[in-house]
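**Student:** Have a look at the structure that comes next, please.
The values are calculated or read from the model by the stated rules, or taken from the named source; none is laboratory data. Every value quoted in this text rests on a predicted model; they were computed, and no experiment measured them. Using ideal geometry, Cβ is built from the backbone for each residue, glycine included, and neighbour counts are taken over all protein chains shown.
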Amino acid sequence: MTDPITKSASAMPPSAVDQSLLYPSPYSEFWQAFARNKGAFAGLLFMCLIVFCALFAPWVAPHTPSEQYRDFLLTPPVWLEGGTWQFILGTDELGRDLLSRLIHGSRLSLLIGLSSVVMSLIPGVLLGLLAGFFPRLLGPSIMRLMDVMLALPSLLLAVAIVAILGPGLINTVIAIAIVSLPSYVRLTRAAVMGELNRDYVTAARLAGASLPRLMFITVLPNCMAPLIVQATLSFSSAILDAAALGFLGLGVQPPTPEWGTMLASARDYIERAWWVVSLPGLTILLSVLAINLMGDGLRDALDPKLKNAA
Amino acid sequence: MFSFIARRLGLLIPTFFGITLLTFALIRLIPGDPVEVMMGERRVDPEMHAQAMERLGLNKPLPVQYLDYITKLAQGDLGESLRTRESVWKEFLTLFPATLELALAALLFAGVFGLLAGVIAALKRGSLLDHGVMGISLTGYSMPIFWWGLILIMFFSVSLGWTPVSERISSLYDIEPITGFMLIDTLFSEEEGAFKDALMHLILPAIVLGTIPLAVIARMTRSSMLEVLREDYIRTARAKGLSPGRVVFVHGLRNALIPVLTVFGLQVGTLLGGAVLTETIFSWPGIGKWLIEAIGARDYPVVQNGILLIACLVILVNFVVDILYGLVNPRIRHQR
């Protein structure tokens with residue numbers, strides 16, 4: 001299909017624009033690099049499925065997640081003996097449909113992931129900008145504070161925060177947001193320090209740009225690539241941490257269908273009903289894997305320098 | 001070198017005080033009345049309430065409270081558990097070897113297989129094997145380890161009956177704790193089969209805890225190895241006719257190990273965080289399980305100072321790794 005067009009283009013007089021000399025738009029360039037990575041593309045497809053399930057959960061899910069079918073306790077999935085098409089992935093110990101609970105659980109996981117990323121990205125970038133622009137006094141004190149937070153294993157810090165605030169959805173989000181704050185601050189500061197010595201920043205300064213303008217309009221857009229990658233990666237670790245907190249009984253409380261919380265209550269049925277244990281965990285694993293694959297693809301596409309770095 | 005250590009040590013002090021501030025704030029940030037929360041009941045008798053406030057030192061102004069806290073820490077007094085009335089430091093010391101043993105076993109597992117997988121993937125770059133290793137390691141990196149533990153228990157313990165499910169050793173053995181490391185203590189004891197029993201108890205938790213570090217080490221080794229293999233000295237080594245094994249392992253891996261070592265150090269935090277989950281699943285009597293139980297029982301002195309101890313451990317290990325890194329890489333040492 002494209003052959004005649006290129007032929008006619010090459011046949012044109014040299015004054016016409018040579019297509020091969022035109023740069024593709026940054027977006028199409030990015031998309032080409034991203035889509036070439038098969039893993040990243042597969043991850044994107046899977047995430048689209050999860051997002052679709054989350055958005056339309058009440059219509060996609062065959063049953064209400066909290067409805068207990070007392071005659072169908074621990075029904076196995078449909079492909080096993082004793083399974084029925086009524087409950088495709090089987091039921092849990094209270095006779096609730098597992099598939100519906102998993103679908104509704106995707107809402108919580110995405111909600112926790114998204115809100116904790118936003119809640120740590122914005123203050124993290126602000127603090128990182130401040131630390132980068134004021135390297136004398138403010139910067140080092142911010143960085144020391146972040147060192148303190150980094151000294152604690154993230155899950156442990158989250159556990160400690162939840163221990164203070166009490167378990168629950170909102171506190172889980174707060175805990176995870178606080179835990180992922182330091183990496184944003186460090187990344188932003190490092191990127192800002194790298195940009196500050198560039199000529200374009202000096203030019204903007206000389207032109208009389210105000211400090212907020214320098215920070216947000218001149219420098220910040222050039223620091224976005226590592227931040228976008230970090231946001232994806234912390235999205236996946238937010239889902240993992242939320243599930244871990246739920247599993248420890250410190251996160252979202254039952255009967256809310258959160259993936260980690262579902263696993264915690266399924267522990268007692270490990271000998272009799274493998275599906276109540278396996279399926280929620282598999283869902284967590286696949287979602288986290290999908291996001292990490294996307295993160296790898298994003299990193300390679302946005303910042304070729306980082307390619308092959310672990 | 002001395003000034004390098006001194007500089008790093010200087011950075012450690014503010015971090016340490018920051019952590020004490022954090023753990024100090026921990027109890028004081030509990031919403032509501034701390035005494036009521038700790039006793040788990042409402043409307044405590046006013047006299048007992050006042051006594052408890054006095055005992056916990058909560059009735060003084062905040063700066064004085066902090067000063068008291070620091071003074072006590074300096075004297076090695078970490079308070080006592082509300083449940084057992086045992087000193088927090090003593091409890092930590094009895095439980096810590098269990099966590100250390102588990103963490104070391106996990107690190108050994110992760111190190112051996114991670115390095116091997118990373119080297120193989122780097123040597124066979126772009127092959128199916130490389131993609132397979134990298135795919136598996138990304139899966140390992142994404143693993144919810146609490147679920148991974150349950151799956152392994154389901155398969156190896158419940159279905160196959162190969163490994164036990166919980167604790168460090170079967171209750172029929174009575175092992176005298178000499179070093180606190182079950183594997184070593186069972187060797188000292190005269191009981192037959194105790195060592196094998198302890199080993200079987202250790203395998204699954206170590207695999208579970210080592211999974212994420214394994215994935216990280218494999219990825220890091222691969223990328224670092226790829227970089228080293230492009231260096232001129234590798235070509236020289238090949239050209240002199242050294243055996244491929246010698247080129248890869250002596251000339252290549254040794255230089256590729258430097259960044260991997262840092263990752264080892266950074267994994268200590270991951271290990272201690274993961275220990276909380278692993279120990280909960282396998283009822284492993286270590287500090288992770290201890291902390292979670294303390295949180296459940298609102299045993300705040302344990303929570304507060306347990307977290308302090310773990311944080312100190314992490315910064316100490318990172319400090320040592322920093323120094324080691326400076327030793328192997330002079331460029332870092334002279335950086336300001």
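**Student:** Looking only at the stretch B:101-139, count every residue that is closer than 22 Å to residue A:289 by Cβ and either at the interface with chain A (Cβ under 10 Å from one of its Cβ atoms) or aliphatic (A, V, I, L, M) (or both) and tell me the total.
**Tutor:** Residues flagged as closer than 22 Å to residue A:289 by Cβ and either at the interface with chain A (Cβ under 10 Å from one of its Cβ atoms) or aliphatic (A, V, I, L, M) (or both) within the stretch B:101-139 amount to 16.
Okay, residues lined up against (1) free of Cβ contacts under 8 Å to residues at least 12 places away in the same chain; (2) at negative phi; (3) within 23 Å of the chain's Cα centre (by Cα):
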position: A:47; (1), (2), (3): no, yes, yes
position: A:53; (1), (2), (3): no, yes, yes
position: A:67; (1), (2), (3): no, yes, no
position: A:70; (1), (2), (3): no, yes, no
position: A:75; (1), (2), (3): no, yes, no
position: A:82; (1), (2), (3): yes, no, no
position: A:91; (1), (2), (3): no, yes, no
position: A:115; (1), (2), (3): no, yes, yes
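**Student:** Just to be sure before I move on: is residue A:190 small (Gly, Ala, Ser), surrounded by fewer than 24 Cβ atoms within 10 Å (Cβ to Cβ), more than 17 Å from residue B:304 (Cβ to Cβ) and more than 8 Å from chain B (Cβ to nearest Cβ) in the structure I sent?
**Tutor:** Yes: the conditions hold for residue A:190.
**Student:** Only one of these is closer than 30 Å to residue A:292 by Cα, touching a Leu at 6+ places or on another chain (Cβ under 7 Å) and within 14 Å of chain A (Cβ to nearest Cβ): B:269, B:252, B:273, B:286. Name it.
**Tutor:** The conditions single out B:273.
**Student:** Which of the residues spanning the stretch B:214-231 are within 14 Å of residue B:134 (Cα to Cα) and more than 12 Å from chain A (Cβ to nearest Cβ)?
**Tutor:** If the condition is that a residue be within 14 Å of residue B:134 (Cα to Cα) and more than 12 Å from chain A (Cβ to nearest Cβ), then B:214 is the only one that fits.
**Student:** Next up: Filter the stretch B:29-48 for residues that are modelled with pLDDT under 75 and not in a loop (DSSP other than H, G, I, E, B) and give the result.
**Tutor:** Across the stretch B:29-48, the qualifying residues are B:34, B:35, B:36, B:37, B:38, B:39.
**Student:** Which count do you get for residues in the stretch A:265-284 that are under 23 Å from the mean Cα position of the chain (by Cα) and more than 16 Å from residue A:112 (Cα to Cα)? Full working, then the answer.
**Tutor:** If we filter the stretch A:265-284 for residues that are under 23 Å from the mean Cα position of the chain (by Cα), which is where we start, we get A:278-284.
Next, from what is left, pick out any that are more than 16 Å from residue A:112 (Cα to Cα): A:278-282.
Number of matching residues: 5.
**Student:** Right, next: Can you name the number of the only condition in (1) under 14 Å from the mean Cα position of the chain (by Cα); (2) crowded, with 24+ Cβ neighbours inside 10 Å; (3) at pLDDT 80 or above that residue B:270 fails?
**Tutor:** (2) is the only condition that residue B:270 fails.
**Student:** Consider residue A:212 against the criteria (1) more than 14 Å from chain B (Cβ to nearest Cβ); (2) in contact with a Ser or Thr (Cβ under 7 Å, 6 or more places away or on another chain); (3) surrounded by fewer than 24 Cβ atoms within 10 Å (Cβ to Cβ): it satisfies all of them except one. Which criterion is unmet?
**Tutor:** (2)
**Student:** Counting only residues that are of a type in the set (Ser, Thr, Tyr), facing chain B (nearest Cβ under 7 Å) and closer than 15 Å to residue B:21 by Cα, how many does the stretch A:139-183 have?
**Tutor:** We begin by selecting, within the stretch A:139-183, every residue of a type in the set (Ser, Thr, Tyr); these are A:141, A:154, A:172, A:180, A:183.
Narrowing further to those that are facing chain B (nearest Cβ under 7 Å): A:154.
With closer than 15 Å to residue B:21 by Cα added as a condition, the list becomes none.
Count: 0.
**Student:** Going residue by residue through the stretch B:163-174, is there one that turns out to be away from chain A (no Cβ under 11 Å), among the aromatic types (Phe, Trp, Tyr), touching a helix residue (DSSP H, G or I) at 6+ places or on another chain (Cβ under 6 Å) and closer than 30 Å to residue A:274 by Cβ?
**Tutor:** no
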